[in-house]
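Q: I have a structure here, written as structure tokens, and I will follow up with some questions on it.
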């Protein structure tokens, strides 16, 4: 796109110089009128060429402008996404800094002072029975032998 834009700009500048030469210098004007056939044909040819080049120049400039705006919008979206990531990362670090540090485990196993089971609540299934029915005799009883 940039090469096309530069080419059209160069063509417009060359045409402008040529048109100024034809309009301002009488000897150049007579030679061009000799090639065109009449002064009206020369000016009509210059007018048509100027309109075509102006239209082409406007088209390439507008197309380039649209492409640049799209590129800027895409870059702004990318910047906003990166800002959001940075904000999330900073908030995560801030939350981590506010939490109390966790003491590392040393590998020592600690046991509770009292046994958790059997519990003394009689409404629980695993509570010790006051008078258990011995279906299975204890291992040290004479019936077990």
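Q: Just give me the residues in region 1-31 being more than 22 Å from residue 54 (Cα to Cα) and surrounded by 14 or more Cβ atoms within 10 Å (Cβ to Cβ), in sequence order.
A: Result: 28, 29.
Q: Return a yes/no flag: does region 88-100 have any residue that is exposed (fewer than 10 other Cβ atoms within 10 Å of the Cβ), modelled with pLDDT under 90, under 39 Å from the mean Cα position of the chain (by Cα) and in a loop (DSSP other than H, G, I, E, B).
A: yes
Q: Within the set of pairs 6+ apart or on separate chains, which have a first residue in region 1-12 that is touching a residue at least 60 places away in the same chain (Cβ under 8 Å), a second that is exposed (fewer than 14 other Cβ atoms within 10 Å of the Cβ) and part of a helix (DSSP H, G or I), and C-beta atoms under 8 Å apart?
A: 1/63; 1/67
Q: Considering each of 54, 23, 42 in turn, give the residue that is within 54 Å of the chain's Cα centre (by Cα) and in a helix (DSSP H, G or I). Give the steps one after another, and end with the answer.
A: On the way: 23 fails: within 54 Å of the chain's Cα centre (by Cα); 42 fails: within 54 Å of the chain's Cα centre (by Cα).
Being within 54 Å of the chain's Cα centre (by Cα) and in a helix (DSSP H, G or I) holds for just one of 54, 23, 42, which is 54.
Q: Here is a follow-up. Could you give me the residue pairs with C-beta distances under 9 Å whose first residue belongs to region 65-86 and is closer than 27 Å to residue 2 by Cβ, whose second residue is surrounded by 10 or more Cβ atoms within 10 Å (Cβ to Cβ) wherever it lies, and which are 6+ apart or on separate chains?
A: Listed by first residue and then by second, the contacts come to 67/1.
The values are calculated or read from the model by the stated rules, or taken from the named source; none is laboratory data. Note that the coordinates shown come from a computational prediction; the quantities given were computed from them, not determined experimentally. As a convention, Cβ positions derive from the backbone with ideal geometry for all residues, glycine included, and neighbour counts pool all protein chains shown.
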